Amino acid sequence: MLVEARLTMAIKAICTLVTLFFIFENCRAFPNGGPIDACVKAQPNRPNHGGTQPQPENTNPFIVEASNDYYRPGDKITVTIRGPKSAFKGFFFQGRDPKTQEWIGVFETNPDAKSYAECSASTHTDNDPKKSVTLLWHAPDATGSVYFVGTVLENYRTYWSDVVARVPQ
């Protein structure tokens, strides 16, 4: 009877630890934003989350929209990320030239986003659930086209990469 009681307690303890592990794994995202090395990886804008893979593009529940895809010196373009049905915990987006794929412009820092000016990137400042975030991108001193590409994270293991912001017509 004593052996059975100890075995039952041990099984409950293991089950509790496994459950806590999975809760922790699903709740975290990079708490202070994506690291700057996300800019220069072989597959830019993709998180390195312990063997995880991005979700299929056609399952992305999030909307990413840019206010424009053409700029002149001094222009500012907004990029809005929103989840109409679910919240997201993180993001990492870059402004890129569609002809050269080079990083261009710079994102403004705000309470929800920090900027990596050296690679025209913006990322989250915390991993709290977000329904919507608006980023402000500043154009370089030139005229041209830009597109915004990146990753939206629902949680640490569930994310969509190579998401391109659409420009509403």
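The values are calculated or read from the model by the stated rules, or taken from the named source; none is laboratory data. From a predicted model like this one, the values you see are computed outputs, not experimental measurements. So basically every Cβ, Gly included, is an ideal-geometry build from the backbone, and we count neighbours across all protein chains shown. Remember, those area values only see protein heavy atoms, side chains included, never the ligands or the DNA or RNA. Shrake-Rupley method; radii C 1.70, N 1.55, O 1.52, S 1.80 Å.
Gly95's amide H: which non-local residues (gap 5+, or another chain) put their own amide H closer than 5 Å, with H modeled 1.01 Å from N in plane and none for Pro or chain starts?
Ile104
How charged is the neighbourhood of Arg166? Take every other residue with its Cβ under 14 Å from the Cβ of Arg166, and add Lys/Arg as +1 and Asp/Glu as -1. Walk me through the numbers before you get to the answer.
Numbers: positive: Arg82; negative: Glu57, Glu65, Asp69, Asp162.
Summing Lys and Arg as +1 and Asp and Glu as -1 gives -3.
Using 10 Å bins from zero, what percent of all Cα-Cα pairs in the stretch 42-140 falls into each bin?
P(r) over the stretch 42-140, rounded to whole percents: 14, 45, 35, 6, 0.
Of the heavy-atom accessible surface of the stretch 62-169 (probe 1.4 angstrom), what whole percent is carbon and sulfur?
Working: 2420 of 4960 Å².
About 49 percent, which is the carbon plus sulfur part of the accessible surface.
Report, by chain and number, residues whose modeled amide H sits under 5 Å from the one on Tyr159, excluding near sequence neighbours (fewer than 5 apart, same chain).
Long-range HN contacts for Tyr159: Gln55, Glu154.
Among the trypsin sites (Lys or Arg not before Pro) within the stretch 119-169, which fall in a DSSP loop and have no more than 16 other Cβ atoms within 10 Å of their own Cβ? Mind showing how you got there, number by number?
Details: sites: Lys130, Lys131, Arg157, Arg166; in loops: Lys131, Arg157.
For trypsin sites (Lys or Arg not before Pro) across the stretch 119-169 that sit outside H, G, I, E and B with at most 16 neighbouring Cβ atoms in 10 Å, the list reads Lys131.
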